[in-house]
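Here, each number is a calculation from the coordinates, and none is a lab measurement. Given the structure is predicted, the values throughout are model-derived calculations rather than measurements. Cβ: placed from backbone, ideal geometry, glycine included. Neighbour counts: every protein chain shown.
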Amino acid sequence: MNIVLFGATNPTGSAFLDITQNCLVHVFGRKSPTNLTGSFTYCDLSIASANDFDAFDSVLVSFAPIWLFSSFIHQLHHNHPHQLTRIRGIIACSSSSYLTKRFAFNDYDKKLTHNLSQAHDTLIYICSCLEIPLQILAPTLVYGCVNEYSDKNITKILKLMQKLPFIFLPIKTGFRQPIHAQQLAFVAFFKSRQMYSDNWSLDEPKILPLGGDSILTYRDMILSLISSLDPPRRATICRVVSIPDRLYYLLVLPMLVINPKLFEALLRMKSNLSDFVMVHQILGESPQEFPVAPFFFDDCL
């Protein structure tokens with residue numbers, strides 16, 4: 001199977017390379033990943049030109065920011081549309097934020113949802129015009145460390161918890177459905193094999209909101225992560241203190257003035273961001289309990 005990969009220098013992209021060792025993978029990016037066994041071409045998607053791009057008989061898989069990737073595909077469609085007709089399909093990783101943050105009031109999240117939705121519309125329009133198979137994966141709360149790459153979600157929270165004596169959480173927290181980077185990579189590989197083998201229906205939903213196999217409260221998610229650490233690491237993590245909801249609201253209220261984005265993120269602890277399609281439902285395998293190993297490498301924390 002031939003694959004052209006964008007965004008290989010992050011946990012999901014690195015995991016994808018690990019499971020595609022027997023495929024012909026050509027990576028486009030600004031830096032060659034350490035676990036690459038295929039070929040590499042320097043490409044900065046923010047300033048990239050599509051003039052010399054060729055992906056004949058390949059599936060395009062992207063874990064790069066989808067607004068940059070969609071801009072690149074738009075260039076191809078505008079300048080070299082014949083190149084897109086020669087590929088087997090496109091798989092692009094987005095984020096469930098296009099759904100969960102669409103009513104956000106802070107400017108950062110409003111811009112993010114706009115960029116995501118615009119990128120989705122661009123890819124859907126181009127692939128529909130050319131009748132190219134498309135799958136946009138929209139995962140929620142990607143976590144895990146793969147090779148030398150760590151996530152910017154849960155690992156960031158645990159690093160913060162190493163610096164504080166304790167953290168406050170409301171008694172009642174909303175539900176989460178975290179997905180390990182390796183799980184996301186397996187879904188992308190499964191979908192790419194379907195496209196490459198022509199086992200794909202154009203009636204498939206273009207956007208797939210995706211989560212892990214476990215749904216648990218935000219508080220239980222944090223406690224499960226702490227419990228999964230080895231004793232020396234666990235000893236560095238601060239205490240989790242549950243407080244009444246109204247007291248929690250009072251404590252985070254100053255953030256509304258200082259940092260509206262952080263304020264809204266703190267309030268989202270109460271929101272239910274779950275009930276997405278589970279990984280095992282796609283792969284047809286047994287569910288994997290949270291947290292999925294390997295979660296950390298030696299220098300992750």
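Per residue, the convex hull spanned by the alpha carbons of the range 133-268 comes to 149 Å³.
Annotation: the residues THR12, THR100, sorted from fewest to most other C-beta atoms within 10 Å of their own C-beta, follow the order THR100, THR12. Counting only DSSP beta bridges with both residues in the chain, tell me the antiparallel percent, nearest 5. Approximately 10 percent, going by the DSSP bridge assignments. By the count of neighbouring beta-carbon atoms within 10 Å, fewest first, CYS127, CYS238 end up ordered CYS238, CYS127.
Relative to the longest principal Cα axis of the chain, at what angle does helix 66-79 sit, 0 to 90 degrees, rounded to 10? Approximately 20 degrees, to the nearest ten.
For the chain, the longest principal axis of the C-alpha atoms and the axis of helix 181-196 are separated by about 20°.
Rg/Rh, computed from the Cα trace of the range 207-301 with Rh as the Kirkwood radius, has the value 1.03. Measuring nothing but how far apart in sequence close Cα pairs (under 8 Å, 6+ apart) lie, relative to its length, the range 217-301 scores a relative contact order of 28 percent. One chain, two ends: ASP220 and ASN79. Fully extended at 0.36 nm per residue, the span grows by 45.7 nm beyond their Cα-Cα distance. Placing +1 on each Lys and Arg Cβ and -1 on each Asp and Glu Cβ, with no other charges, gives the range 68-165 a dipole about its Cα centre of roughly 280 debye. Dividing the convex hull volume of the alpha carbon atoms of the range 1-68 by its residue count gives 81 Å³ per residue. For LYS206, a cut-off of 15 angstrom between C-alpha atoms picks up these aspartates and glutamates, skipping any fewer than 8 places away in its own chain: ASP121, GLU131.
Considering only TYR143, PHE166, GLN183, whose Cα is most displaced toward the positive end of the charge dipole of the range 129-199, charges sitting on Cβ of Lys, Arg (+1) and Asp, Glu (-1)? The residue sitting most towards the positive pole is PHE166. Of all aspartates and glutamates in the structure, the ones whose alpha carbon falls short of 19 Å from that of LYS172, not counting any fewer than 8 places away in one chain, are ASP220, ASP245, GLU264, ASP275.
Taking the C-alpha atoms only, the angle from helix 218-228 to the longest principal axis of the chain is near 90 degrees. Centroid-to-centroid, using Cα positions, the range 1-69 and the range 211-240 are 33 Å apart. Translational diffusion of the range 171-219, estimated by Stokes-Einstein from the Kirkwood radius over alpha carbon pairs at 37 °C in a medium of 0.692 mPa s, is 254 µm² per second.
With respect to the cross-link table entries LYS191/LYS261; LYS31/LYS152; LYS111/LYS163, which display a Cα-Cα separation exceeding 25 Å? Pairs exceeding the cut-off: LYS191/LYS261; LYS111/LYS163. Computed from point charges on the beta carbon alone (+1 for Lys and Arg, -1 for Asp and Glu), the dipole magnitude for the range 161-215 about its Cα centre is near 360 Debye. Helical runs assigned H by DSSP (4 residues or longer) give the chain a calculated mean residue ellipticity at 222 nm of -11000 deg cm²/dmol, each run adding -39500 (n - 2.57) before division by the residue total. Among VAL292, VAL257, VAL279, VAL61, sorting on how many other beta-carbon atoms sit within 10 Å of each Cβ, with the fewest leading, yields VAL257, VAL292, VAL279, VAL61.
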